[in-house]
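Input: a single structure, listed below in structure tokens.
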Amino acid sequence: MDIFQNDFIRNGKHTRWVSLNKTNPFAFAFDYHFWHDKIDLKLNNKLKKLFLKKEQYNIDNKNYIDQTIDNTYWITNNIFKLNNVEIKDLKKEIKKILNNFFKQIRFEMKENIYIQGWPSVLKKDQHHKEHFHEAHRFSFISGNIMLTDNKTTTDYYIYPRSCQFGYYKCENFPGSITLFSSYISHKVDKIDDEFRMSLGFNLFTQTALNYYNETKQNQDLLSPINYSVKL
């Protein structure tokens with residue numbers, strides 16, 4: 001069945017599932033935002049070349065990190081700490097797309113935003129199991145950027161509608177970017193191609209970073225926000 005039954009609003013690049021007209025205090029309420037956009041294709045190709053030069057991201061290298069096994073790689077390897085011009089340009093692209101998203105939903109951001117991200121690599125017959133990036137008091141927005149040309153989808157679980165109607169399947173193409181609430185779970189099915197590379201990232205607010213730093217003695221040091229840098 002098609003997940004697009006009701007309870008969703010699509011307006012250009014913005015897709016939103018929201019419960020309307022709650023009639024009693026026990027009724028389930030939900031509100032999920034997605035923003036679908038694309039980065040410059042030339043920048044996309046430059047980023048792919050940049051990452052493939054690094055041993056840990058290249059499947060043909062003996063030092064390649066198998067991300068389906070290593071559970072901390074995606075946290076500690078923040079590529080936005082790199083000083084390359086490609087990363088600087090990517091930050092600008094993400095800022096522009098983020099501002100367009102906020103303008104569309106009439107959300108005014110008055111504080112700094114921080115970012116943490118990683119190249120996400122799959123080899124033939126590998127997959128990303130269903131997971132979410134962040135789900136706590138300071139979780140914010142996450143994103144996926146597709147770098148290679150694969151006929152795959154990223155499948156998002158829209159609770160509770162996906163329980164009956166299936167995943168929200170977003171087609172991937174080179175340069176495609178999807179922004180979504182960090183707590184939304186998603187997956188990528190087993191790939192048939194020899195190689196698939198995307199870029200995942202998490203965004204955090206200044207308020208969240210301040211809270212984390214003020215309560216660091218009670219926080220998990222292996223937390224993505226602890227490795228974030230200013231966008």
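The values are calculated or read from the model by the stated rules, or taken from the named source; none is laboratory data. Everything quoted here is computed from the prediction, not taken from an experiment. We place every Cβ from the backbone using ideal geometry, glycine too, and count neighbours over all the protein chains shown. For accessibility, only protein heavy atoms count, side chains too; no ligands or nucleic acids. Shrake-Rupley method; radii C 1.70, N 1.55, O 1.52, S 1.80 Å.
Of the strands (runs of 3 or more DSSP E) entirely within region 111-179, those holding at least 1 residues that are among the aliphatic types (A, V, I, L, M) and over 21 Å from Y57 (Cα atoms) occupy 113-123, 141-146. For region 92-107, a residue qualifies if it is touching a residue at least 24 places away in the same chain (Cβ under 8 Å), open to solvent by 40 Å² or more (accessible area, probe 1.4 Å) and closer than 20 Å to L147 by Cβ, and exactly one does: K95. The condition (being under 18 Å from the mean Cα position of the chain (by Cα), of a type in the set (A, V, I, L, M), at pLDDT 95 or above and surrounded by fewer than 21 Cβ atoms within 10 Å (Cβ to Cβ)) is satisfied by just one residue among I145, I113: I113. Considering Y159, Y168, the condition of being surrounded by fewer than 19 Cβ atoms within 10 Å (Cβ to Cβ) and over 23 Å from F195 (Cβ atoms) is satisfied by Y159 alone.
If we scan region 123-135, do we find a residue that is over 18 Å from the mean Cα position of the chain (by Cα), aliphatic (A, V, I, L, M) and open to solvent by less than 70 Å² (accessible area, probe 1.4 Å)? Looking for residues that are over 18 Å from the mean Cα position of the chain (by Cα), aliphatic (A, V, I, L, M) and open to solvent by less than 70 Å² (accessible area, probe 1.4 Å), one finds none in region 123-135, hence no.
The condition (being in contact (Cβ under 8 Å) with a residue 40 or more places away in the chain and either within 25 Å of S228 (Cβ to Cβ) or touching a helix residue (DSSP H, G or I) at 6+ places or on another chain (Cβ under 9 Å) (or both)) is satisfied by just one residue among L47, L41: L47.
Can you work out which of the residues in region 8-23 that are among the polar types (S, T, N, Q), open to solvent by 60 Å² or more (accessible area, probe 1.4 Å) and part of a loop (DSSP other than H, G, I, E, B) is nearest to L90 (Cα to Cα)? Within region 8-23, the match that is nearest to L90 (Cα to Cα) is N21. Can you tell me which residue within region 30-47, out of those that are open to solvent by less than 60 Å² (accessible area, probe 1.4 Å) and in a loop (DSSP other than H, G, I, E, B), is modelled with the lowest pLDDT? Looking at the filtered set, the residue picked out is F30.
Scanning region 50-62 for residues that are open to solvent by 60 Å² or more (accessible area, probe 1.4 Å) and either within 21 Å of L231 (Cα to Cα) or of a type in the set (D, E) (or both) yields E55, D60. Of all the residues in region 185-215, those that are in a helix (DSSP H, G or I) and either modelled with pLDDT under 90 or open to solvent by less than 30 Å² (accessible area, probe 1.4 Å) (or both) number 3. Scanning region 63-88 for residues that are assigned to a loop (DSSP other than H, G, I, E, B), touching a residue at least 40 places away in the same chain (Cβ under 8 Å) and open to solvent by 50 Å² or more (accessible area, probe 1.4 Å), which turns out nearest to K48 (Cα to Cα)? The residue in question is T68. Please enumerate the residues belonging to region 98-132 that are more than 16 Å from F195 (Cα to Cα) and in contact with a His (Cβ under 9 Å, 6 or more places away or on another chain). Correct list: F101, Q104, I105, E130, H131, F132. Count of region 174-231 residues, restricted to those that are closer than 21 Å to H33 by Cα and among the basic types (K, R), is 1.
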